[in-house]
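Worksheet: one structure, shown below.
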Amino acid sequence: MNTSKKTINKEFLEKKIILIMPPDFELYKVFEQQLSCMGFDQVEVIAPIFKYNLKGKVLNFFQKTFFKNKAYKKQLIDTHYAQKVAKVLDGFSKGGIDYAVVIRPDKLDIQTIEKIHQVAHKVVAYQWDGLARFPKVFDIIGCFERFFVFDPRDFSLYKEKYTNILPCTNFYMDFQQENIISETKEVLYVGMYIEDRFQSLLRVVNKLSQYDLNLNINLFYGRKTPPFFHPNISFFTKGISFQTYLSLVCKASILLDIKTVDHEGLSFRVFEAIKYEKKLITNNTTIKQYDFYHPNNIFVFEEDSFQGLELFLKGSYTPLLEEIKQKYSFTNWLKYVLNISPYKALNY
């Protein structure tokens, strides 16, 4: 998959950018690859990886056992994360960076965020999860001039209280990649085992198993013993890298998307379907409101209602207008959040 070619954007020539984000599933490597193709003079991706040592394990045991503090490990991880980010920032001169983009800013403390502002001329934040899932985020929203949320429900709820909140969607990486021949009957799902969306996944998997399809359904479950057995669902204990996942996406013909009850935002799977021109099956009904929605390409199911699924599976994909497709690229996303014209706004 590492066959990206440079696409020079004159808006980014001689500019320096910092991206701060969690290291989960090595997403940061794909972001670094993308940014390095865009013409920036300097790209710095900061994604501190937490290593759980013996001292941390002992402290966590005592905190959980004697103080009933089940959140201690997460606190330990976030503290380490903020400290490592601050340490990297110390290596930059004040005002030496043009742009800083912070993804999942709830993982940082106010002091570290202030340090980012000292280093970069323009700083923006993007919360790519529901705000209520990580309540710490409410303490730092006001630290940013432009704070983007991907959940339309959050935008509606908080736009009056926080006037710096702006709407935004996810995106797809638009660096060039090698062509991979897709399997015409493969349905792909890769995700974490989350109880609140499992029943929806089970319903659609059972329905799809009635058709002549190759179901490639994979759930990340952190324990050795799977929670149950299902002939069409595989469990794995270690997460795969995002690069590996994109390879799987290229090979599939249909992507499966199951929303969580915590938010209405569109997952990355939606935008990967746009880039790679894959059909999508989802239970996120809000997707019908977007300009890229086409019933030939996206099937929306609700509870046990799969009316029209057979016709959808037999039909052909309808290519999108190029301007709509480009709207959801990372390049346009970055120009939008940094307010660098020209761009197309990513409103809901």
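List of remarks:
- Under the Karplus curve 6.51 cos²θ - 1.76 cosθ + 1.60, θ = phi - 60°, whole-Hz ³J(HN,Hα) for the stretch 186-199, x wherever Gly or Pro sits: 8, 10, 10, 9, 10, x, 8, 6, 10, 4, 5, 10, 5, 4
- The stretch 239-259-the stretch 66-118 distance, computed between alpha-carbon centres (Å): 30 Å
- Rounded to the nearest 5, the antiparallel percentage of DSSP beta bridges internal to the stretch 189-348 is 5%.
- Using only alpha carbons, the chain has a radius of gyration to Kirkwood radius ratio (Rg to Rh) of 0.96.
- Paramagnetic reach from ASN9 (point 7 Å along Cα→Cβ, amide N under 16 Å) across the stretch 217-253: none
- With all protein chains modelled, accessible area of LEU321 [1.4 Å, Å²]: 110 Å²
- Cα-based Kirkwood hydrodynamic radius, the stretch 93-235, one decimal, Å: 18.8 Å
- Kirkwood-type hydrodynamic radius, the stretch 255-301: 10.6 Å, calculated from all non-identical alpha-carbon pairs.
- Solvent exposure, largest accessible area first (probe 1.4 Å, DNA, RNA and ligands not counted), of LEU166, LEU311: LEU311, LEU166
- The string of couplings for the stretch 304-310 from the Karplus curve (6.51, -1.76, 1.60, θ = phi - 60°) is 9, 8, 10, 4, x, 4, 4 Hz, one whole number per residue in order, with x for Gly and Pro.
- In the chain, the portion of solvent-accessible area held by carbon and sulfur atoms comes to 50 percent [1.4 Å probe, whole percent, DNA, RNA and ligands not counted].
- In straight-distance terms, cross-link reach from LYS15 covers every one of the lysines whose alpha-carbon lies under 23 Å from its own, apart from those fewer than eight places away in the same chain; here that gives LYS5, LYS6, LYS29, LYS87, LYS94, LYS115, LYS122, LYS327, LYS335, LYS344.
- Other-chain or far-sequence residues with amide H under 5 Å of ASN297's (modelled H): THR318
- Per residue, the solvent-accessible area of the stretch 189-323 (1.4 Å probe, heavy atoms of protein chains only, all protein chains present) comes to 49 Å².
- Kirkwood hydrodynamic radius of the stretch 221-348, from inverse mean 1/r over distinct Cα pairs, in Å: 16.7 Å
- Using θ = phi - 60° and Karplus 6.51 cos²θ - 1.76 cosθ + 1.60, couplings along the stretch 280-295 (whole Hz; Gly, Pro as x): 10, 10, 9, 10, 8, 5, 5, 4, 5, 7, 8, 5, 8, 5, 9, x
- Stretched out straight at 0.36 nm per residue, the stretch from GLN111 to LEU321 would grow longer than its current Cα-Cα span by 71.1 nm.
The values are calculated or read from the model by the stated rules, or taken from the named source; none is laboratory data. Every value quoted in this text rests on a predicted model; they were computed, and no experiment measured them. Using ideal geometry, Cβ is built from the backbone for each residue, glycine included, and neighbour counts are taken over all protein chains shown. Calculation scope for accessible area: heavy atoms of the full protein, side chains included, ligands and nucleic acids excluded. Shrake-Rupley method; radii C 1.70, N 1.55, O 1.52, S 1.80 Å.
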